[in-house]
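Below: one structure, written as structure tokens.
The values are calculated or read from the model by the stated rules, or taken from the named source; none is laboratory data. Every value quoted in this text rests on a predicted model; they were computed, and no experiment measured them. With ideal geometry, Cβ positions are generated from the backbone for all residues, glycine too; neighbour counts draw on all protein chains shown. What goes into the accessible areas is simple: the full protein's heavy atoms, side chains included, and nothing from ligands, DNA or RNA. Shrake-Rupley method; radii C 1.70, N 1.55, O 1.52, S 1.80 Å.
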Amino acid sequence: MNDVNNILATDIVGVAQAHCGHYYRWLFTKEEVNRQFDENDIELELEEGVVEDILWPMGGSNSSATSFTLFNSDDDVKKYLTTPELIDYGDPMLVDIGEYMCDPCIDGDDGDITLPYMEKLGLSYDDCSFIEDCDKYHTLTEIMVLALENCNCMDFDFLNPFYGHNRGMRFSELCELYEQKTGSSFDELKRIVMEKKYDYDLKRSEYTCFCTSNFSIIQFFKVPFLSEEVAGAFYLNEDQVFKAIDGVDYYYAYGESTDEDFVRTEVLMLLGKSEKLFLKELKRCYEKNYEDFVKSCGGENEN
């Protein structure tokens, strides 16, 4: 393995190339890049931002042009490796979005120093590997598809959105269908997804109830979140949002609700739920828990 302890960031070049929607990245020394240019008869001056169709490091008709990035510091290298590439065409098909990957080449077979320099920076493979680009195409597609399914749209293959009958649909066409069937704005959806303040753990979200001291049942939709390494949960009811931090659970509901009204909009948008559907499910949660409460108090008639 190459010894990178004496290699400076200013001596390194970031090299990126795509093949069939899969974006690959390498770190080379400038010396190695120039050697490869000579060996492959590539007449190219190594400069910042150069993008050329030179069939290196990968050849083949399905390979994209190669881009080069120069660095001033290790922080620049770290940012380069931990920021996903943009899909290089403006209106991808859904299958292109489904097949997107961006990760580092770490086998060292190309004369690169990618893996040892990642280790020097304390980066793992997972830190530098992505299944979604900077424009959040995959997340936006999933949200719009869920919203279309919730409004009973009959014009889409929900079983396999990226590889099914709609695999050739352009992203712009999905946006048009989303706006037409839901009456919602794609621009507003994108703003919420791109600017959201919290990382919501939607997989652990759930409808829940608790009983107050006067035996009233209060229903909520609980959404765990993480923000700047602070963990907590938001609780949404019919018209308010409460915030619990550091393991404090239901007791927050006796206090005041948070003024972060955008949380409700973000969560429902990310879940693809309309306000009407959310309130219906919240009511169902209340009725189920009320029935269980009555049974626990001996209120169920015996047959």
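Somewhere in the stretch 152-163, is a residue open to solvent by 70 Å² or more (accessible area, probe 1.4 Å) and aromatic (Phe, Trp, Tyr)?
At the first step, the residues of the stretch 152-163 found to be open to solvent by 70 Å² or more (accessible area, probe 1.4 Å) are 152, 154-155, 159, 163.
With the extra rule that they be aromatic (Phe, Trp, Tyr), the set shrinks to 163.
Scanning the stretch 152-163 turns up at least one residue that is open to solvent by 70 Å² or more (accessible area, probe 1.4 Å) and aromatic (Phe, Trp, Tyr).
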Long-range neighbours under 8 Å by Cβ, at least six apart or interchain, first residue open to solvent by 100 Å² or more (accessible area, probe 1.4 Å) within the stretch 278-303, second part of a helix (DSSP H, G or I) and at pLDDT below 80: Glu300/Val294
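Please verify whether Asn160 is closer than 26 Å to Glu188 by Cα, touching a residue at least 12 places away in the same chain (Cβ under 8 Å) and in a loop (DSSP other than H, G, I, E, B), treating the condition exactly as stated.
Working: closer than 26 Å to Glu188 by Cα: yes; touching a residue at least 12 places away in the same chain (Cβ under 8 Å): no; in a loop (DSSP other than H, G, I, E, B): yes.
No; evaluated as a whole, the condition is false for this residue.
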Which listed residue, of Phe158, Phe186, Phe162, is under 14 Å from Gly272 (Cα atoms) and at pLDDT 90 or above: Phe186
Unmet requirement for Asp91, which otherwise passes all of (1) assigned to a helix (DSSP H, G or I); (2) open to solvent by less than 60 Å² (accessible area, probe 1.4 Å): (1)
Members of the stretch 165-208 found to be polar (S, T, N, Q) and in contact with a strand residue (DSSP E or B) (Cβ under 8 Å, 6 or more places away or on another chain), listed by number: Ser205, Thr208
Residue list for the stretch 229-245, filter: open to solvent by 30 Å² or more (accessible area, probe 1.4 Å) and at pLDDT 70 or above: Val230, Ala231, Glu238, Asp239, Gln240, Lys243, Ile245
Candidates Glu85, Glu47, filtered to the one that is open to solvent by 30 Å² or more (accessible area, probe 1.4 Å), in a loop (DSSP other than H, G, I, E, B) and free of Cβ contacts under 8 Å to residues at least 24 places away in the same chain: Glu47
Answer from Lys197, Lys190 - the residue that is touching a residue at least 12 places away in the same chain (Cβ under 8 Å), assigned to a loop (DSSP other than H, G, I, E, B), touching an Asp or Glu at 6+ places or on another chain (Cβ under 9 Å) and surrounded by fewer than 17 Cβ atoms within 10 Å (Cβ to Cβ): Lys197
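Can you name every residue in the stretch 50-72 that is without any contact (Cβ under 8 Å) to a residue 40 or more places away in the chain and surrounded by 15 or more Cβ atoms within 10 Å (Cβ to Cβ)?
The first filter runs over the stretch 50-72 and keeps only residues without any contact (Cβ under 8 Å) to a residue 40 or more places away in the chain, leaving 50-56, 59, 61.
Within the stretch 50-72, Val50, Ile54, Leu55, Trp56 meet the criteria.
Of the residues Glu132, Glu142, only one is assigned to a loop (DSSP other than H, G, I, E, B), on the phi < 0 side of the Ramachandran plot and within 16 Å of the chain's Cα centre (by Cα); which?
On the way: Glu142 fails: assigned to a loop (DSSP other than H, G, I, E, B).
Being assigned to a loop (DSSP other than H, G, I, E, B), on the phi < 0 side of the Ramachandran plot and within 16 Å of the chain's Cα centre (by Cα) holds for just one of Glu132, Glu142, which is Glu132.
Which count do you get for residues in the stretch 1-44 that are of a type in the set (A, V, I, L, M, F, W, C), crowded, with 16+ Cβ neighbours inside 10 Å and in contact (Cβ under 8 Å) with a residue 40 or more places away in the chain?
Applying the first criterion (of a type in the set (A, V, I, L, M, F, W, C)) to the stretch 1-44 yields 1, 4, 7-9, 12-13, 15-16, 18, 20, 26-28, 33, 37, 42, 44.
Now restrict to residues that are crowded, with 16+ Cβ neighbours inside 10 Å: 4, 7, 9, 12-13, 15-16, 18, 26-28, 33, 37.
This time we only want the ones that are in contact (Cβ under 8 Å) with a residue 40 or more places away in the chain, so: 4, 7, 9, 12-13, 15-16, 18, 26-28.
Here the count works out to 11.
Tell me yes or no: at least one residue of the stretch 246-256 is at pLDDT 70 or above, over 23 Å from Glu287 (Cβ atoms), under 26 Å from the mean Cα position of the chain (by Cα) and open to solvent by 20 Å² or more (accessible area, probe 1.4 Å).
Step one: filter the stretch 246-256 for residues at pLDDT 70 or above, giving none.
The answer is no; no qualifying residue exists.
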